[in-house]
1. Cβ-Cβ under 6 Å, sequence separation 6+ or interchain: first residue in region 1-23 and on the phi > 0 side of the Ramachandran plot, partner aliphatic (A, V, I, L, M) and at pLDDT 95 or above. Which pairs?
2. Among the helices (runs of 4 or more DSSP H) confined wholly to region 1-70, which include 1 or more residues that are closer than 24 Å to Gln188 by Cβ?
3. Could you please give the count of residues in region 50-91 that are more than 20 Å from Met1 (Cβ to Cβ), of a type in the set (Gly, Ala, Ser) and open to solvent by 30 Å² or more (accessible area, probe 1.4 Å)?
4. Within 16 Å of Gly101 (Cβ to Cβ) and touching a strand residue (DSSP E or B) at 6+ places or on another chain (Cβ under 7 Å): is that true of Cys83 in this structure?
5. Hey, Gly103 hits all of (1) in contact with a helix residue (DSSP H, G or I) (Cβ under 9 Å, 6 or more places away or on another chain); (2) part of a loop (DSSP other than H, G, I, E, B) but one; which does it fall short on?
6. Looking at (1) surrounded by fewer than 23 Cβ atoms within 10 Å (Cβ to Cβ); (2) touching a residue at least 12 places away in the same chain (Cβ under 8 Å); (3) assigned to a loop (DSSP other than H, G, I, E, B), which is the one condition that is false for Phe182?
7. Answer yes or no: is there a residue in region 152-174 that is over 19 Å from Gly93 (Cβ atoms), in contact (Cβ under 8 Å) with a residue 40 or more places away in the chain and β-branched (Val, Ile, Thr).
8. Here's a check for you: in region 139-167, which residue that is of a type in the set (A, V, I, L, M, F, W, C) and open to solvent by 10 Å² or more (accessible area, probe 1.4 Å) is farthest from Glu200 (Cα to Cα)?
Amino acid sequence: MTLALIDYGAGNLHSVHNALKAAGAEDVVVTADPDVVAKADRIVLPGVGAFAHCFEALSAIDGMIEAMERKVHSDGIPFLGICVGMQLLADAGVEHGTTPGLGWIKGTVRAIEPAAGLKVPHMGWNDVTPKEGAPLVETGEAYFLHGYHFDAENAADVLATSDHGGMLVAAVGKDNIMGVQFHPEKSQAYGVNFLKRFLEWRP
């Protein structure tokens with residue numbers, strides 16, 4: 001099983017690669033080559049930084065988005081987006097102006113409105129509360145670092161939440177597509193176990 005870890009200059013690749021290996025992935029290919037993605041059995045899209053920068057960097061790789069869409073939508077292989085990689089699944093992000101996203105899961109990425117006494121960005125360990133029947137995500141604590149959040153259009157696409165002075169989306173998903181706002185690679189045993197379930201996932 002080949003897992004393509006997308007390298008578009010905007011992800012925590014080394015840590016995500018190590019976490020996937022710790023979870024049992026044997027053939028992880030860090031790649032910016034759409035031809036490699038076209039042959040992959042699973043795809044992981046990491047992401048750190050601003051939504052606009054990440055989408056522009058991904059779009060700048062000729063044929064990459066098309067290869068991802070073919071594998072995910074036509075071939076139905078499992079896909080995981082992490083942090084901004086999850087946010088890119090949305091229709092748009094409003095950081096530094098409005099930037100279109102992949103549009104795979106309906107919603108908009110917006111700034112977290114700070115609640116009284118709580119800081120933004122939402123940073124550190126926090127509870128993850130999955131929706132009943134949600135795939136892959138289990139109750140526990142994970143590591144978050146984000147100032148923007150996924151405002152999903154359809155409640156059915158929200159698989160888990162976290163509370164930071166109000167509900168924030170911790171995971172979204174639909175069919176063979178999964179995105180998590182937390183960082184599995186920084187979430188110790190919780191994160192490794194989540195990645196193990198992703199590697200075994202047969203949506």
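The values are calculated or read from the model by the stated rules, or taken from the named source; none is laboratory data. If you're wondering where the values come from, they're calculated on a predicted model, not measured in any experiment. Because the Cβ atoms are built from the backbone with ideal geometry, glycine has one as well, and the counts that use them run over all protein chains shown. Side chains included, ligands, DNA and RNA excluded: accessible areas come from the protein's heavy atoms. Shrake-Rupley method; radii C 1.70, N 1.55, O 1.52, S 1.80 Å.
1. Once the first residue is on the phi > 0 side of the Ramachandran plot and sits in region 1-23, its partners that are aliphatic (A, V, I, L, M) and at pLDDT 95 or above give Gly9/Ala57.
2. By residue number, 13-22.
3. The number of residues fulfilling the criteria is 2.
4. yes
5. (1)
6. Among (1) surrounded by fewer than 23 Cβ atoms within 10 Å (Cβ to Cβ); (2) touching a residue at least 12 places away in the same chain (Cβ under 8 Å); (3) assigned to a loop (DSSP other than H, G, I, E, B), Phe182 violates only (1).
7. no
8. Top of the filtered list is Met167.
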